[in-house]
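Working notes for the structure below.
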């Protein structure tokens with residue numbers, strides 16, 4: 001016993017010591033970041049916009065990345081990026097912007113906002129130069145505003161048109177003898193098609209051709225305007241596959257020259273009137289964000305609420321719009337007399353119908369106390385539109401994917417798989433004939449199917465009613481433009497689903513005007529966690545993901561994530577876009 005207690009207390013002491021060491025190490029790291037002096041912007045600086053970075057709607061503290069990439073500064077959010085470009089327009093230390101346009105993972109609406117900011121920057125007469133060894137269409141969409149675009153002599157531009165592809169699982173499910181029992185409302189509601197078909201329905205092809213064609217036409221038109229090229233020629237080159245090499249891109253006028261990186265930098269040196277390209281003071285967006293303070297002025301306050309990710313039930317689900325979290329947040333903002341107006345920035349494909357309605361209700365209560373304006377990002381569809389439809393005013397970008405007003409529910413019947421493939425059977429007792437409904441181990445009978453469809457129809461009616469009231473339209477009209485159909489912002493404004501084409505800043509200005517504010521500051525929600533909180537959460541999340549990934553392997557881990565997404569769709573009625581996107585434009 002004496003030996004036991006000796007070992008026990010020795011282990012306990014070691015645990016305490018290591019805990020204290022870890023605590024002080026974390027505090028030390030946090031202090032190093034918090035006490036870092038702001039960087040000074042050198043004269044004749046060139047701001048670097050690297051489009052290979054994905055600018056999130058709202059930046060959450062990512063301590064691991066901050067430690068690893070400290071020298072490049074913390075990557076700003078999309079709205080911060082827009083404000084930085086606007087600030088640089090008047091900053092005498094910034095002489096121009098250098099766009100690295102090889103890749104662009106940002107969505108079309110986000111790219112549209114960046115593009116508009118660059119167009120405004122050019123009114124300062126400062127230069128904008130773009131370069132990429134190879135340039136994707138998404139990269140070119142932003143880069144085409146530049147005074148000059150260059151590519152590598154052995155590189156070139158992707159110029160093939162847009163495509164959209166979806167995975168269909170019906171064949172796999174048939175082989176596994178899994179029966180997806182699908183209930184939906186809206187002939188265009190395509191989220192369940194991967195379970196029902198082996199190819200796109202005619203209705204889905206129709207709507208996809210319309211919204212995809214709309215995005216493509218925007219891309220072509222913006223290129224034609226910026227590069228002084230003919231729309232028909234641009235489409236012809238893509239249709240005929242005529243842009244295959246860097247020389248083709250140069251010959252047609254899509255780029256201004258074929259150059260190596262050092263040659264482009266020589267051009268920038270000349271614009272700065274410097275002899276040596278090594279003297280160019282390139283400044284990353286992250287470093288610039290740490291060097292300047294962008295604040296509103298005035299006593300008014302506009303709350304900007306970022307609603308990003310799937311709409312889900314519950315709380316504390318990172319990267320999602322969790323019903324409990326947002327209910328508490330919206331109630332807090334409603335009761336805060338210091339907040340004069342609210343902008344809800346929605347970037348969501350939707351999700352749980354019930355969670356969407358819970359959040360809709362809080363928005364409805366909130367707008368009775370103060371103006372509420374919605375700004376739509378890349379996606380504000382299905383449940384994402386549900387939570388937006390009751391606002392006083394709705395802004396969207398021309399390339400925003402929205403609408404998709406429809407509902408579905410999926411109950412998988414795995415009886416065939418279990419019985420015939422795995423030799424597993426199920427049996428039990430119940431106190432009522434529907435006590436086990438819905439069950440995944442047997443098929444639904446005709447009465448249960450009617451119950452399920454009636455539930456979906458009821459939610460669809462409620463969804464349309466919310467939209468009709470919010471948009472001040474008849475429910476019959478809303479039904480005619482609903483049916484699960486997807487629209488882009490440019491078309492949504494024509495049918496009354498949105499009020500104006502505009503950016504987040506436009507929405508904020510509108511909300512401030514509605515609240516009659518002459519000057520105002522902006523407060524972002526949900527509020528960011530402290531560095532230490534983020535570090536601990538990051539460690540916990542990374543450890544969990546790493547453990548699962550090591551156990552399953554990389555391929556199986558990706559499949560696991562897809563299955564987890566599918567699980568969220570099962571049973572509970574959903575208002576969401578399709579999950580199984582393989583490639584988008």
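The values are calculated or read from the model by the stated rules, or taken from the named source; none is laboratory data. It should be emphasised that the depicted structure is a prediction, and the values quoted were computed from it without experimental measurement. Note that we place each Cβ from the backbone using ideal geometry, even for glycine, and neighbour counts take in every protein chain shown.
What number goes with the only condition from (1) under 26 Å from residue 194 (Cβ atoms); (2) surrounded by fewer than 20 Cβ atoms within 10 Å (Cβ to Cβ) that residue 338 does not pass?
(1)
Within the group 435, 490, 462, which residue is farther than 24 Å from residue 407 by Cβ and modelled with pLDDT of 95 or more?
Details: 435 fails: modelled with pLDDT of 95 or more; 462 fails: farther than 24 Å from residue 407 by Cβ.
Answer to the selection: 490.
Please indicate, with yes or no, whether at least one residue in segment 201-211 is closer than 29 Å to residue 244 by Cβ and free of Cβ contacts under 8 Å to residues at least 24 places away in the same chain.
yes
Show the residue pairs meeting these rules: Cβ distance below 6 Å; 6+ apart or different chains; first residue within segment 105-127 and free of Cβ contacts under 8 Å to residues at least 24 places away in the same chain; second residue assigned to a loop (DSSP other than H, G, I, E, B).
none
Return yes when residue 467 is assigned to a loop (DSSP other than H, G, I, E, B) and closer than 15 Å to residue 389 by Cβ and no when it is not.
Against the criterion (assigned to a loop (DSSP other than H, G, I, E, B) and closer than 15 Å to residue 389 by Cβ), residue 467 does not qualify.
Among 496, 484, which is the only one that is under 23 Å from the mean Cα position of the chain (by Cα), part of a loop (DSSP other than H, G, I, E, B) and farther than 14 Å from residue 356 by Cβ?
Of 496, 484, the one residue that is under 23 Å from the mean Cα position of the chain (by Cα), part of a loop (DSSP other than H, G, I, E, B) and farther than 14 Å from residue 356 by Cβ is 484.
What are the pairs with Cβ atoms under 6 angstrom where one residue, in segment 245-256, is assigned by TED's automatic domain parsing to the domain that holds residue 142 and closer than 13 Å to residue 152 by Cβ and the other, located anywhere, is at pLDDT 95 or above and part of a loop (DSSP other than H, G, I, E, B)? Sequence gap at least six, or different chains.
Listed pairs, sorted by first residue: 249/243; 249/255.
In segment 93-140, how many are over 26 Å from the mean Cα position of the chain (by Cα), within 22 Å of residue 503 (Cα to Cα) and part of a loop (DSSP other than H, G, I, E, B)?
Selection size over segment 93-140: 2.
Only one of 356, 352 is at pLDDT below 95, within 19 Å of the chain's Cα centre (by Cα) and under 23 Å from residue 461 (Cα atoms). Can you tell me which?
Values: 356 fails: at pLDDT below 95.
Of the residues listed, the single one that is at pLDDT below 95, within 19 Å of the chain's Cα centre (by Cα) and under 23 Å from residue 461 (Cα atoms) is 352.
Can you tell me which residue is farthest from residue 141 (Cα to Cα) among those in segment 79-104 that are in contact with a helix residue (DSSP H, G or I) (Cβ under 8 Å, 6 or more places away or on another chain) and without any contact (Cβ under 8 Å) to a residue 40 or more places away in the chain?
89
Going residue by residue through segment 431-450, is there one that turns out to be under 27 Å from residue 210 (Cα atoms), in the same structural domain as residue 370 (by TED's automatic domain parsing), in a helix (DSSP H, G or I) and touching a residue at least 60 places away in the same chain (Cβ under 8 Å)?
Residues of segment 431-450 under 27 Å from residue 210 (Cα atoms): none.
Within segment 431-450, none of the residues are under 27 Å from residue 210 (Cα atoms), in the same structural domain as residue 370 (by TED's automatic domain parsing), in a helix (DSSP H, G or I) and touching a residue at least 60 places away in the same chain (Cβ under 8 Å).
Going through segment 212-231 one residue at a time, which ones are in contact with a helix residue (DSSP H, G or I) (Cβ under 9 Å, 6 or more places away or on another chain) and free of Cβ contacts under 8 Å to residues at least 40 places away in the same chain? Spell out the reasoning first.
Pass one, segment 212-231, residues in contact with a helix residue (DSSP H, G or I) (Cβ under 9 Å, 6 or more places away or on another chain): 214-224, 226-227, 229-231.
217, 220, 221, 224, 229, 230, 231, listed by residue number.
Looking at segment 141-186, which of its residues are assigned to a helix (DSSP H, G or I) and assigned by TED's automatic domain parsing to the domain that holds residue 115?
Those that are assigned to a helix (DSSP H, G or I) and assigned by TED's automatic domain parsing to the domain that holds residue 115: 141, 142, 143.
So which residues in segment 267-292 are outside any helix (DSSP H, G or I) and touching a residue at least 60 places away in the same chain (Cβ under 8 Å), if there are any at all?
274, 280, 281, 282, 283, 284, 290, 291, 292
Tally the residues that are at pLDDT below 95 and surrounded by fewer than 23 Cβ atoms within 10 Å (Cβ to Cβ), restricting the search to segment 313-335.
7
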